[in-house]
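Working notes, structure below.
The values are calculated or read from the model by the stated rules, or taken from the named source; none is laboratory data. Quantities reported herein were computed from a predicted structural model and do not represent experimental measurements. In this analysis, Cβ positions are derived from the backbone assuming ideal geometry, glycine residues included, and neighbour counts consider all displayed protein chains.
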Amino acid sequence: MTNTVKKLDHIVNGVNTDAIVNIATHMAQDDNFGQFRFRADNQWINGSPSRTSIKNFYAGNGEQTERSQPLVVHADQPTFLARENTAPNAVEHYLNSLVSCLNTTIVAHASVQGIQRETLNITAEGEMDARGFFGVSNEVNRGYNKINVDIRAKTDTDEETLRNMLNYSPVYEMVSKAIPVEVKITIE
């Protein structure tokens, strides 16, 4: 099944829609063009903090080396968990991955469809029982049991259209297939 895209303005919502349509066209013509491999290299620093370097990735039938320096992401634990609280912890990064991917997905798809948006705010809250992580109980999951996502948008489209766009998000798919994710959308 091939999805076609109606080309509108070149820049919509700050997104270069020509570039997105061009990439989608290449993927439609060459299945291998859509094969991506992202990489992350994490090193322990001391105590709880660690540092992840992200640089090159594979996409569009070749190695992408556009970053001259690696992007660096830090992780730590809150003081409550007897750590230094210098950066988000891994489960907070997980929520960040989800909400940032949802945001990117909605903006890209809305822009290509010519849907204007004034604001888009996405929050997520994950519920977990940390007794699994601490080894207190083997009867509970070690990760999130549920994630609640709240999307607030000021836009010229409706809730159903936005909800359909969520299905194109890679991280949303990974998360929602693993654990229940409830999404609330408010159009202002």
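May I ask you to list the residues in the range 113-127 that are exposed (fewer than 13 other Cβ atoms within 10 Å of the Cβ) and either hydroxyl-bearing (Ser, Thr, Tyr) or over 15 Å from Asp156 (Cα atoms) (or both)? Listed by number, the residues that qualify are Thr119, Thr123, Glu125, Glu127. Look at the range 138-153: where a residue is without any contact (Cβ under 8 Å) to a residue 12 or more places away in the chain and not assigned by TED's automatic domain parsing to the domain that holds Leu102, no partner that is assigned to a loop (DSSP other than H, G, I, E, B) and aliphatic (A, V, I, L, M) sits 6+ places away or on another chain with Cβ atoms under 7 Å. For the range 17-46, taking the residues that are charged (D, E, K, R) and part of a helix (DSSP H, G or I), the one that is surrounded by the fewest Cβ atoms within 10 Å (Cβ to Cβ) is identified as Asp31.
Residue by residue through the range 87-107, note down the ones that are closer than 18 Å to Ile187 by Cα and buried (at least 16 other Cβ atoms within 10 Å of the Cβ). Step through it out loud before you land on a result.
Here is the first cut: in the range 87-107, the residues closer than 18 Å to Ile187 by Cα are 99, 102-107.
Val99, Leu102, Thr105, Ile106, Val107 - these are the residues of the range 87-107 that are closer than 18 Å to Ile187 by Cα and buried (at least 16 other Cβ atoms within 10 Å of the Cβ).
Considering the range 70-166, the qualifying strands (runs of 3 or more DSSP E), each wholly inside and each with 3 or more residues that are polar (S, T, N, Q), run over 117-128, 144-155.
What about Glu84, is it of a type in the set (D, E, K, R) and surrounded by 12 or more Cβ atoms within 10 Å (Cβ to Cβ)? Show your work before the answer.
Working: of a type in the set (D, E, K, R): yes; surrounded by 12 or more Cβ atoms within 10 Å (Cβ to Cβ): yes.
The answer is yes for Glu84.
One residue stands out among those in the range 167-180 that are in a loop (DSSP other than H, G, I, E, B), surrounded by fewer than 17 Cβ atoms within 10 Å (Cβ to Cβ) and not aliphatic (A, V, I, L, M): the one that is modelled with the lowest pLDDT, which is Pro180.
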